[in-house]
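The values are calculated or read from the model by the stated rules, or taken from the named source; none is laboratory data. Owing to the predicted nature of the structure, the values given are computational and were not obtained by experimental measurement. Heads up, the Cβs are rebuilt from the backbone with ideal geometry, glycines too, and the neighbour counts pull from every protein chain shown.
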Amino acid sequence: MELLDVTKHKMEKAVEKLDENLKTIRTGVANASLLEHVHFEYYGSETPINQVASIKVVEGRQLMIKPYDRSTLKDIERAIATSDTGLVPQSDGEVIRLNVPALTEERRKQLSKEADKMGEEAKIAVRNVRREANDAIKKDKELTEDDAKRMQEKVQKLTDEFAKKIEKEVSEKEKEIMKV
């Protein structure tokens, strides 16, 4: 049974990674997770913005970033401007404001395709875990043929279960993106 637990854990990791990736897709609503993958150099190491500043949602469509150390303001502003978020930082010397514009129909479709692609990558990761588990089952000489068959069926059941979870999460994200 240990193999099934390891397999399930690895599949859960693939779904968690998908969740993290889907959070970075902008849906036209301000959300602090939009900046999770934006890093800048802080005392010689790449640091995420949320570790050196407070990020608040203001009025639903605006993010306000207040650095704990004001000397990092320009670096944070530059990191956001050069990131792939598509957001334009506006600084007043104290805080940085990011207006999150409403998405165009074309951009919504593009983001929806991106979510689909992330879902496919997660499914591929899950299928790779299935392949690894099946290879381990085949190599296990202590298992009888019937036991090996049962284990492979259980691994397939897990794979189907996680594929459905992935499809559900991607479809929910697509609905969120397409909602005007």
- Query: Tell me, which residue of the range 44-81 that is assigned to a helix (DSSP H, G or I) and of a type in the set (A, V, I, L, M) is nearest to Val95 (Cα to Cα)?
  - Reply: Leu73
- Message: Just to be sure I understand, how many residues within the range 30-43 are touching a Ser or Thr at 6+ places or on another chain (Cβ under 8 Å), outside any loop (DSSP other than H, G, I, E, B) and either of a type in the set (Val, Ile, Thr) or touching a residue at least 12 places away in the same chain (Cβ under 8 Å) (or both)?
- Response: 6
- Task: Sort through Lys141, Lys164 and tell me the only one that's farther than 29 Å from Val15 by Cβ, assigned by TED's automatic domain parsing to the domain that holds Lys10 and loosely packed, with under 13 Cβ neighbours inside 10 Å.
- Result: Lys141
- Query: Just one of Thr27, Thr72 is touching a residue at least 60 places away in the same chain (Cβ under 8 Å), more than 23 Å from Arg131 (Cβ to Cβ) and not small (Gly, Ala, Ser); which is it?
  - Reply: Thr27
- Message: Suppose we filter Gly119, Gly86, Gly93 for residues that are among the small types (Gly, Ala, Ser) and either surrounded by 12 or more Cβ atoms within 10 Å (Cβ to Cβ) or part of a helix (DSSP H, G or I) (or both); which single one remains?
- Response: Gly119
- Message: Against the condition under 30 Å from Arg26 (Cα atoms), more than 19 Å from the chain's Cα centre (by Cα) and in a helix (DSSP H, G or I), how does Glu161 come out, does it pass?
- Response: yes
